[in-house]
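Here's the structure, in structure tokens; my notes come after.
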Amino acid sequence: MQEAIAITEQPVSVSVPVGYSFTLRCRAEGRTPLQYQWFCQQQSVCRQIPGATKQDLPITAQQTQLYTCRINDLYRNAVFSDWVKVEVHQCVARGLPPRLWRGEPVIVLNPTEQRVEVGKPLQLQCAAMGVPAPSYQWYRNGNLLEQQKKKKLWITHAKVSDSGTYLCCASNSHGEHWTNAVDVHIGETLPSAEHLQLRWLVFPLATGKIALLVGNNHYQHHPNLMAPVTDVFELSLLLEQLGFQVVSLLDLNKAEMVTAVSRFLQLLEKGVYAVFYYAGHGYEHLGRNYMVPVDAPQPYAPENCISVQRILQKMQQQQTALNLILLDTCRKWYNPECALSQVQPLEPWGNTIYGYATSEDAEAYELQDGEFSSGIFMKYLKKHILQEKKVTHMLEDVLEDIGRDPLVTGKQVMEIKHTLKEARSLTDPICPLGAAAEHWGRSHEPLSKIVSFPCGAQVELCFHRLFSNMMYVCAKLQPPPAHVTDAHLLLCRPTETVDVAVLKESCPDHVESLLASVYKREELDCVFQLCGLQKIQTDVVLQLDLHYTQLSTKQRTCESLRTTLQKSLLGQFFSQSNCSQPNCLRTPARAGSVCLRDGSMLGMDPKGQASLRTGSGHSLPSSDPSNSSTEPEENDESDLNGLCSALLQAGPGQDYP
């Protein structure tokens, strides 16, 4: 028999900040017209809400209360809806919820680290906003805890086996969000701080260590940067000290960035420690970070950039033991009015760390000091990265140092996000080295060789690959024969040679300084720079010219030799030829100043006060989010696999889709 009144849509609980406006809904069907009346309960007192006689109940959240709706028909039949809770958060962080919030879970309270004696109660607590109100699920060491499905995790009598790393997932129909991971220590006697690392019965090991570093300096349509070249170089040396196989690349366009990332992902496997570092222009939109290739047009747009979150998702799919993403780029927000971009949630594997050089909607600064340029983030990262401690603790040391730097006080604050559940360090040993990793890195540098001129003079050619796609050919004239005097050596490219790469007879000042740091500049007679090696499709021919005076005749003579460099082995990572040639020359930095990653500069005025200015010295206008006519639209980027497939199908000279 059909019920007199059937509720077809129940109201749902919500968890919102104070002052947030929303609507509770209730729908029912009956054999006669229906009447609705809403009730609320607070502190065990239930009362009828005056005037609340419609299907929808608009509410502006003020305090936590319970609500229900009574539905009557003309025959005095009545039913009540489910009781629902409107949870109101009185204190939430600035900027929460996001401006275009659609009700997806937003964490407002993270659990904290706990140290508990055996037999004592253990309590962890978190909280999230959401419409509908989120459900909760706790995990320990990545394993689901079947009985822990509330905001508060409660264990009456803690055991040693309850030790581990905990985190909680808050989810509703709009998505899910994870709390920070925290360590819980259970023991008869609480461990001292200096012995905490000994709690791990099995020390973490890496099956391999692989790193991809990308620094974009010279842009076609955006202001050039100074620091990425130095930052990538210095980080590559430090990671190699830690046992990483490193590929470091400069000035990549969109197609080249996609291909490099694809090759990087293919080499990741179970147990590998993976590091991805990017320095260059970038921006953030609704929680997604975008890297700007050197050929990206104005204004920034997702279809012309690379999504960091998609790279991280692909890294996780390889079952790596550690994924470390380091973003040394600005995170200014663009076009806050456009639609929310869809990002798939990360798996709860507890192996991911984000190290942002700056906080949301803020810039990252460069330090200009004489011949060297360095990002503020890298200045302190290189100070701590070799420390034998958990990666997150190492990054916290970096964060604290940046916070104490007076040049960026109030302008740049590092941000760390992670789900790392184990005490993994970049210094952890490798056992064994993955075979795939052996083909990644800088192990294919050409060997030095001696070439001889007809007059008997000899020249030693050395090759220094400061970056994976930039090489320096260094020539050193050996002691000449007795009949040769006043010898002078030139290294050049024959004029008839096809221009397959960017070739320079001199280095930019700051790059030359890097070269001098690994090779004594005074021992070299000439240096030739090859950059953009990923664009090389044929062998490279170089010409050596020896100008000298014959001792017997006093005549000036010139002899020439040609030497061929085989196509760079790095070319295997790139399948598309690109004829564009980024200019390798750099404008000398202004000494004693700090630059934004977007080309602006922070310097010191004559009185020693810091000032924010652009490269031309003009004051920067205040940013107004409403002025979005020149800012990018949010069109969700195609899947990375699709981009890679399109790239591999494109032949030389074709435009990238």
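The values are calculated or read from the model by the stated rules, or taken from the named source; none is laboratory data. Being a predicted model, the structure only gives us computed values, none of them experimental. Because the Cβ atoms are built from the backbone with ideal geometry, glycine has one as well, and the counts that use them run over all protein chains shown.
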Out of curiosity, is GLN342 at pLDDT 80 or above and on the phi < 0 side of the Ramachandran plot?
no
Taking the stretch 149-175 as the region of interest, how many residues are within 33 Å of the chain's Cα centre (by Cα) and closer than 21 Å to ALA128 by Cβ?
16
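So that you can scan it fast, the table gives a plain yes or no per residue for (1) within 26 Å of GLN148 (Cα to Cα); (2) free of Cβ contacts under 8 Å to residues at least 60 places away in the same chain; (3) assigned by TED's automatic domain parsing to the domain that holds HIS157:
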{"site": "GLU29", "(1), (2), (3)": "no, yes, no"}
{"site": "PHE39", "(1), (2), (3)": "no, yes, no"}
{"site": "GLN65", "(1), (2), (3)": "yes, yes, no"}
{"site": "ARG70", "(1), (2), (3)": "no, yes, no"}
{"site": "GLU113", "(1), (2), (3)": "yes, no, yes"}
{"site": "GLU117", "(1), (2), (3)": "yes, no, yes"}
{"site": "PRO132", "(1), (2), (3)": "yes, no, yes"}
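Conditions tested, residue by residue: (1) of a type outside the set (Val, Ile, Thr); (2) touching a helix residue (DSSP H, G or I) at 6+ places or on another chain (Cβ under 8 Å); (3) surrounded by fewer than 24 Cβ atoms within 10 Å (Cβ to Cβ).
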site	(1), (2), (3)
ALA260	yes, yes, yes
ARG263	yes, yes, yes
GLU269	yes, yes, yes
TYR277	yes, yes, no
HIS281	yes, no, no
GLU284	yes, no, yes
Determine if the stretch 74-86 includes at least one residue that is within 23 Å of CYS168 (Cα to Cα), surrounded by fewer than 18 Cβ atoms within 10 Å (Cβ to Cβ) and of a type outside the set (A, V, I, L, M, F, W, C).
yes
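If we only count strands (runs of 3 or more DSSP E) wholly inside the stretch 211-328, which ones have 3 or more residues that are under 17 Å from the mean Cα position of the chain (by Cα) and among the aliphatic types (A, V, I, L, M)? Give the steps one after another, and end with the answer.
Numbers: elements: 245-250, 272-279, 282-285, 288-291, 322-328.
Ranges flagged: 245-250, 272-279, 322-328.
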Contact list, first residue from the stretch 240-257 and farther than 18 Å from VAL272 by Cβ, second anywhere and of a type in the set (Asp, Glu) and part of a loop (DSSP other than H, G, I, E, B), beta-carbon distance below 8 Å, six or more apart or interchain, is ASN253/ASP295; LYS254/ASP295
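Select from the stretch 27-60 the residues that are outside any strand (DSSP E or B) and among the basic types (Lys, Arg) and list them in ascending order. Spell out the reasoning first.
Keep residues of the stretch 27-60 that are outside any strand (DSSP E or B), which gives 31-34, 43-44, 49-55.
ARG31, LYS54 - these are the residues of the stretch 27-60 that are outside any strand (DSSP E or B) and among the basic types (Lys, Arg).
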With respect to ARG521, is the statement that it is within 20 Å of VAL229 (Cα to Cα), at pLDDT below 70 and surrounded by 17 or more Cβ atoms within 10 Å (Cβ to Cβ) true?
no
Taking the condition buried (at least 18 other Cβ atoms within 10 Å of the Cβ), outside any loop (DSSP other than H, G, I, E, B) and hydrophobic (A, V, I, L, M, F, W, C), does LEU24 pass?
yes
